1. Just one of 280, 200 is assigned by TED's automatic domain parsing to the domain that holds residue 326 and assigned to a loop (DSSP other than H, G, I, E, B); which is it?
2. Of the conditions (1) closer than 30 Å to residue 332 by Cβ; (2) away from the ligand (no atom under 12 Å from the Cβ); (3) assigned to a helix (DSSP H, G or I), residue 150 clears all except one; give me its number.
3. Given the residues 126, 142, 106, which is the only one that is buried (at least 18 other Cβ atoms within 10 Å of the Cβ) and touching a strand residue (DSSP E or B) at 6+ places or on another chain (Cβ under 9 Å)?
4. Are any of the residues in segment 170-185 surrounded by fewer than 21 Cβ atoms within 10 Å (Cβ to Cβ), farther than 22 Å from residue 249 by Cβ and in contact with a helix residue (DSSP H, G or I) (Cβ under 9 Å, 6 or more places away or on another chain)?
5. Return the residues of segment 232-270 that are in contact with a strand residue (DSSP E or B) (Cβ under 7 Å, 6 or more places away or on another chain) and either surrounded by 22 or more Cβ atoms within 10 Å (Cβ to Cβ) or part of a helix (DSSP H, G or I) (or both); say none if nothing qualifies.
6. In the list 86, 58, which residue meets the criterion of being touching a helix residue (DSSP H, G or I) at 6+ places or on another chain (Cβ under 7 Å) and either modelled with pLDDT of 95 or more or surrounded by 22 or more Cβ atoms within 10 Å (Cβ to Cβ) (or both)?
7. Out of curiosity, is residue 145 within 16 Å of the ligand (Cβ to nearest atom) and either on the phi < 0 side of the Ramachandran plot or modelled with pLDDT under 95 (or both)?
8. Condition first: over 22 Å from the mean Cα position of the chain (by Cα) and within 16 Å of the ligand (Cβ to nearest atom). Now tell me which residues in segment 157-176 satisfy that.
Ligand SMILES: *Cc1c(COP(=O)(O)O)cnc(C)c1O
């Protein structure tokens with residue numbers, strides 16, 4: 001089955017009791033048993049729910065994986081992955097990381113004796129020196145948020161295999177439409193489903209996809225034991241959103257390309273971060289591991305001040321100023337004061353996350369309107 005067929009058909013079967021073509025919202029907490037232990041595979045909705053099962057199977061198929069697990073948020077999914085570890089274990093992570101992930105690692109899991117190193121993975125050859133006998137997990141985001149750095153998944157996965165370390169990829173920005181980390185050697189792929197997968201800015205959810213049955217069993221245990229599961233209504237909304245993922249992504253990529261080129265040629269713009277540019281760091285890796293370059297763009301202004309960035313964002317009309325990304329509507333954000341405010345300024349500046357950096361999630365509107373909007377807002381600074 002090809003990708004566009006999977007989004008619509010994988011894991012979805014008409015409801016056997018009625019023939020309903022759309023997966024029903026099984027809004028139930030429990031299931032009647034004929035006699036103790038004699039049931040139809042469903043006992044209690046923290047453990048299993050048919051709407052969630054359909055979504056989990058669909059997501060697994062999209063990532064070319066065997067097992068999918070959904071969580072109440074992207075961070076709840078990351079939380080479950082970290083709970084595979086024990087006190088004393090070490091994690092090597094991308095240094096340019098989603099702020100909430102950084103906060104979860106340093107403010108929650110460090111307390112339980114897990115150690116984190118945040119390093120640049122731009123050149124995988126420099127990574128091996130950080131691996132110790134205690135290293136148990138390598139955590140990768142690519143493209144990174146918000147600097148759009150590209151990490152070579154194949155190279156990092158080879159290193160992880162060599163040292164028998166688990167490798168997880170946060171695939172939120174790329175989505176399975178653009179890259180499939182499991183195919184490239186990663187052990188775990190994680191999503192903030194909230195973003196492109198749900199796609200309509202109306203759900204918060206997370207997911208994990210793996211191939212290894214033992215890993216799937218441990219994660220399913222954590223999903224049930226810790227209980228951060230999504231409700232059936234949200235699973236239904238995501239199933240509905242995913243049916244158009246390939247169409248939406250195609251347009252996100254087209255619009256992203258147009259807007260990135262427009263910004264690059266604008267006299268008030270200093271630098272544009274978008275992996276599709278030939279001079280973007282690791283563009284060759286992006287070309288190899290991604291099918292296209294996506295609709296996420298960051299840029300800085302020549303007048304490198306927070307005030308200029310704020311003024312621009314206040315004047316944008318179609319790019320709403322909001323947290324999050326990946327919805328049909330265009331959004332803009334100021335990472336230094338929003339998504340990445342929990343990362344200290346000194347750490348932010350090390351990775352180039354300056355005060356005038358603006359991040360765009362380019363939506364699927366008519367791109368001419370988006371260009372006009374950016375143009376009029378840039379005129380006002
Ligand atoms: C939003 C996001 C998360 C966290 O997901 P939530 O659904 O908000 O909990 C993790 N990683 C990336 C890259 C994100 O954009």
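1. The unique qualifying residue is 280.
2. Failed condition: (3).
3. 142 is the lone residue from the list that is buried (at least 18 other Cβ atoms within 10 Å of the Cβ) and touching a strand residue (DSSP E or B) at 6+ places or on another chain (Cβ under 9 Å).
4. Within segment 170-185, one or more residues are surrounded by fewer than 21 Cβ atoms within 10 Å (Cβ to Cβ), farther than 22 Å from residue 249 by Cβ and in contact with a helix residue (DSSP H, G or I) (Cβ under 9 Å, 6 or more places away or on another chain).
5. Scanning segment 232-270 gives 235, 256, 259, 260, 263, 264.
6. 58
7. Answer is yes for this residue.
8. none
The values are calculated or read from the model by the stated rules, or taken from the named source; none is laboratory data. These figures come from a predicted structure and were not determined experimentally. No Cβ is skipped: glycine too gets one built from the backbone with ideal geometry, and neighbour counts run over all protein chains shown.
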